[in-house]
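Student: One structure coming up, written as structure tokens, with questions to follow.
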Amino acid sequence: MMRSGNPALKESTFLDLGTGSIVRDDGNVMTLNGTVNKTGLLLLLCVFTAAFAWSQVSTPTGIVGAAPYMWGGLIGGLVLALVTIFKKEWSPVTAPMYAIVEGLFLGAISAMYNHMYEGIVMQAVLLTFGTLFAMLFCYRSGLIKATENFKMGVAAATGGIFLVYLASMVLGMFGIQIPMIHESGLVGIGFSLVVVVVAALNLVLDFDFIETGVEKRAPKYMEWYGAFGLIVTLVWLYIEFLRLLSKLQSR
């Protein structure tokens, strides 16, 4: 049984593939190299559209017209993510579409953060990829093992963070703010640090999920699905690094 805090990579994924869960033709099965290549492609698509959105909203005098890119990318990315999760066999099409749309959101919000705190985006990018490679090293070397207790703990922590963010969003509609966690005080910084750690630990579960898919000889399209799940975690980690760095710099 597999467990992942990432909603795109859950324990039932390889159990509900139907008759396609076992493939005898080696050319039609999920491979590690194929998943890595597709992850790289999704990252490139995301970076290209992010750069486009950045160039459109960033002007010498400030940020202009960021809302359409930010909200369009956010809502469009959420819709495409849900479609991909429920229709995994569509992932060769929906995963690239998700990366393209999500890039618009990332480009707009990154431009806004960089306008407020110059240089923060590059710091967040370096921290995100540094964390990715550090967690990959820890996973491959056995320093961190994806045991069942580890998976359950990370999944529970991820669910708790999701509930906090959901409550904050709902209460915000009524003008009520959850105190301290979104501020630049010690509690706010501490909360962001915890979220960053949980997001980083989700990378370990994602690596384990992909490796298990390769071992189970999942269908070829699952390479796209595994890459999509990893991008979801990386986007979350990057946003949380932006939030943490902004709190630190505002002090």
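Student: State the extension gain, in nm to one decimal, for the chain segment bounded by residue 248 and residue 93, taking 0.36 nm per residue of separation less the distance between their alpha-carbons.
Tutor: Here the answer is 51.9 nm.
Student: Here is a further query. What number do you get for the stretch 152-251 when its Cα radius of gyration is normalised by 2.2 N^0.38 Å, N = residues?
Tutor: Compactness ratio reported: 1.29.
Student: Still on this structure, please answer the following. Between helix 148-173 and the chain, what is the angle of the helix's C-alpha long axis to the longest principal axis, kept within 0 to 90° and rounded to the nearest 10?
Tutor: It is inclined by approximately 40 degrees.
Student: Need one number for the stretch 82-167: average projected area of the convex hull over its C-alpha atoms, nm².
Tutor: Working: hull surface 33.1 nm².
In nm², the orientation-averaged hull projection of the stretch 82-167 is 8.3.
Student: For the chain, max minus min Cα coordinate along each principal axis, in Å, sorted largest first?
Tutor: Sorted largest first, the three principal extents are 59, 38, 36 Å.
Student: Roughly how much of residue 128 is accessible, in Å² to the nearest 10, using a 1.4 Å probe?
Tutor: Number for this one is 10 Å².
Student: May I have the extent of the alpha carbons of the stretch 23-149 along their three principal axes, as whole Å values ordered from largest to smallest?
Tutor: Over the stretch 23-149, Cα extents along the principal axes are 58, 34, 28 Å.
Student: Once you have the Cα-Cα distance between residue 52 and residue 171, take 0.36 nm times their residue separation minus that, and quote the gain in nm to one decimal.
Tutor: Values: separation 119, 0.36 × 119 = 42.84 nm, distance 3.34 nm.
Extra length from residue 52 to residue 171 when fully extended: 39.5 nm.
Student: OK, next. To the nearest 20 debye, what is the magnitude of the charge dipole of the stretch 30-169 about its Cα centre, counting +1 on the Cβ of each Lys and Arg and -1 on the Cβ of each Asp and Glu?
Tutor: Roughly 360 debye, rounded to the nearest 20.
Student: Quick check for you: with a 1.4 Å probe and neighbouring chains kept, what is the accessible area per residue of the chain, in Å²?
Tutor: Values: 12610 Å² over 251 residues.
Heavy-atom SASA per residue in the chain reads 50 Å².
Student: Could I ask something else about it? Pop the C-beta distance of residue 137 and residue 59 into the FRET formula with R0 = 30 Å and round what comes out to the nearest 0.05.
Tutor: Efficiency computed from Cβ-Cβ geometry: 0.15.
Student: Looking at the chain, how many pairs of lysines come closer than 23 Å at the Cα, when each pair is eight or more places apart or spans two chains?
Tutor: Eligible lysine pairs with Cα atoms under 23 Å apart amount to 18.
Student: Just going by the charge dipole of the stretch 88-218, with Lys and Arg at +1 and Asp and Glu at -1 on Cβ, which of 184, 196, 157 is farthest out on the positive end?
Tutor: Value computed over the given set: 157.
Student: Ignoring any ligand, DNA or RNA, what whole percent of the accessible area of the chain comes from carbon and sulfur when the probe is 1.4 angstrom? Show your work: numbers first, answer last.
Tutor: Details: 8960 of 12610 Å².
The computed percentage sits at 71.
Student: Need one number: nm distance between label points at residue 83 and residue 149, each 7 Å from Cα along Cα→Cβ, rounded to one decimal.
Tutor: According to this spin-label approximation, the distance is 4.3 nm.
Student: If you put +1 on each Lys and Arg Cβ and -1 on each Asp and Glu Cβ, how big is the dipole of the chain around its Cα centre, in Debye rounded to 20? Could the numbers behind the result be given before it?
Tutor: Values: 15 positive and 15 negative charges, 23 e Å.
Around 120 debye, computed over the chain.
Student: Rounded to the nearest 500, what is the 222 nm mean residue ellipticity of the chain from helices alone, with -39500 (n - 2.57) per DSSP H run of 4+ residues and division by all residues?
Tutor: After summing the helix terms and dividing by the residues of the chain, the value is -25500 deg cm²/dmol.
Student: While we're on this one: Nearest 10 degrees, 0 to 90: what angle lies between the long axis of helix 91-116 and the longest principal axis of the chain (Cα atoms)?
Tutor: 20
Student: Show me the ranking of peptides 74-84, 223-233 by mean Cβ neighbours inside 10 Å, starting with the highest. Provide the component values of the computation, followed by the final result.
Tutor: On the way: 74-84: 17.5, 223-233: 26.9.
Answer by packing, highest mean first, reads 223-233, 74-84.
Student: Set the Förster distance to 25 Å, then compute FRET efficiency between residue 125 and residue 156 from the Cβ-Cβ distance, nearest 0.05.
Tutor: 0.30
The values are calculated or read from the model by the stated rules, or taken from the named source; none is laboratory data. Just so it is clear, the model here is predicted, and its values are computed rather than measured. As a convention, Cβ positions derive from the backbone with ideal geometry for all residues, glycine included, and neighbour counts pool all protein chains shown. SASA here: full protein model, heavy atoms, side chains in, ligands and nucleic acids out. Shrake-Rupley method; radii C 1.70, N 1.55, O 1.52, S 1.80 Å.
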